[in-house]
1. So, of the residues in segment 19-75 that are among the charged types (D, E, K, R) and closer than 24 Å to Thr126 by Cβ, which turns out to be nearest to the chain's Cα centre (by Cα)?
2. Taking the options Leu153, Leu220, name whichever one is part of a helix (DSSP H, G or I), farther than 25 Å from Met49 by Cα and out of contact with any His (no Cβ under 9 Å at 6 or more places or on another chain).
3. Would a scan of segment 177-198 turn up a residue that is touching an Asp or Glu at 6+ places or on another chain (Cβ under 6 Å) and assigned to a helix (DSSP H, G or I)?
4. Across segment 175-211, what is the total count of residues that are charged (D, E, K, R) and surrounded by 15 or more Cβ atoms within 10 Å (Cβ to Cβ)?
5. As an exercise: evaluate Asp67 against (1) closer than 24 Å to Thr187 by Cα; (2) at pLDDT 95 or above and give the number of the one condition it does not meet.
6. Looking only at segment 164-175, how many residues end up being in contact (Cβ under 8 Å) with a residue 24 or more places away in the chain and within 18 Å of Leu220 (Cβ to Cβ)?
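The values are calculated or read from the model by the stated rules, or taken from the named source; none is laboratory data. Because the structure is predicted, anything quoted here is derived from the model rather than measured. So basically every Cβ, Gly included, is an ideal-geometry build from the backbone, and we count neighbours across all protein chains shown.
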Amino acid sequence: MQKFAGKRAVLFDLDGTLIDSAPDLAGAADQMRVQRGLPSLDYANYRPMCGAGARGMLHVAFGMGPDHVDYLSMREEFFANYQACMLDNTHAFDGIPALIAVLQARGLQWGVVTNKSERFALPLTTAMPLFRSAGAIVGGDTTPFSKPHPEPLLEAARRLDVEPALCLYVGDDERDIVAGKAAGMGTVAATYGYLGSASDVAAWKADAQINSPAELLQLLSQA
């Protein structure tokens, strides 16, 4: 457990790691289908793709990719829908509030590094009491780069005034692990969010893998 010894801060991805925003992301996309006279899709179709944000939701709803001629306008419509509903059903995953409370009790700082743009990330985290103790909220457009580039993680470390090597980064996507390694941080893959059975998490080569928030505390306790 050398990778987890002496850590002073824990950074987290947002969607699929700290919060379950899938119901609102799916609702924003499905609303677009219904408004066009298409049948509503079952929520189960959307959930595995929620980690991919607008790109994933438009792919499920319309089979549309970023190369489609209407993609940018459809993405903006999706953003508008999501902005109107993003707090309706979004909630912290079970065990996350308790995890944050224990981190604070142990004197560890914590923060968020997400690819969600500040347009959504800042009002969402401001509205949820969970994030009042977060020392850094870094969005996908806070720096000139987004994950898997390490710069957003390094920016969060600067805001916490903690050396990157003393930080741990927890996320539910391969890009999170790539970014964490590039930033020189310990990395943990969270599998309890949106990952489908097809995901080969072991191939990401994270320093550890957790199936529940409580398992992160076990890792830190064993360090």
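1. Of all residues in segment 19-75, those among the charged types (D, E, K, R) come to 20, 24, 30, 33, 36, 42, 47, 55, 67, 70, 75.
From what's left, closer than 24 Å to Thr126 by Cβ: 20, 24, 75.
Working: Asp20: 9, Asp24: 14, Arg75: 19 Å.
Taking the candidates together, the pick is Asp20.
2. Leu220
3. Checking segment 177-198: not a single residue is touching an Asp or Glu at 6+ places or on another chain (Cβ under 6 Å) and assigned to a helix (DSSP H, G or I).
4. 4
5. Going through (1) closer than 24 Å to Thr187 by Cα; (2) at pLDDT 95 or above one by one, Asp67 breaks only (1).
6. Selection size over segment 164-175: 6.
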